[in-house]
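Input: a single structure, listed below in structure tokens.
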């Protein structure tokens, strides 16, 4: 269902291979990959910000999503997994969890039909701690 909703919002991404306008790297019936060069930050409980750079978003046929941000030099990537639950006019809504599976919340991802990520926002919590992520394309 999630891929159907995504395809309805961005039909150029999901057309059969002979009709697809997207570039190389699209693997029909497997995943749709989005990438973005930009910057942003993540903040846990209003502590110091962690700077975020490029992002990679992968959505598989079943609606599973992975999102990974490149962090500052020497820091591990910030990664999330989850499920796409809605898509409309190039805006995906996903229910995601942090890599340690502790913090959970809705992530909003703006994409275009050229597989670029334009912006991402997230507010995730476990009921006690709160993580905020804001990222924008250059």
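Annotations for the structure displayed:
- Residue match in segment 55-62 (condition: more than 16 Å from residue 33 (Cβ to Cβ) and either surrounded by 15 or more Cβ atoms within 10 Å (Cβ to Cβ) or under 12 Å from the mean Cα position of the chain (by Cα) (or both)): no
- So residue 122, is it modelled with pLDDT of 95 or more and more than 14 Å from the chain's Cα centre (by Cα): no
- Hits in segment 79-100 - residues which are surrounded by fewer than 20 Cβ atoms within 10 Å (Cβ to Cβ), in a strand (DSSP E or B) and touching a residue at least 40 places away in the same chain (Cβ under 8 Å): 83, 85, 86, 88, 91
- Within segment 59-71, residues that are free of Cβ contacts under 8 Å to residues at least 24 places away in the same chain reach partners that are outside any strand (DSSP E or B) and surrounded by fewer than 16 Cβ atoms within 10 Å (Cβ to Cβ) with beta carbons closer than 7 Å, at six or more positions or on different chains, in the pairs 68/77; 70/77; 71/77.
- Any chance residue 117 is within 22 Å of residue 30 (Cβ to Cβ) and surrounded by 16 or more Cβ atoms within 10 Å (Cβ to Cβ): yes
The values are calculated or read from the model by the stated rules, or taken from the named source; none is laboratory data. These numbers were taken from a predicted model, which means no experiment stands behind them. For neighbour counting, all protein chains shown are included, and Cβ atoms are generated from backbone atoms with ideal geometry for every residue, glycine included.
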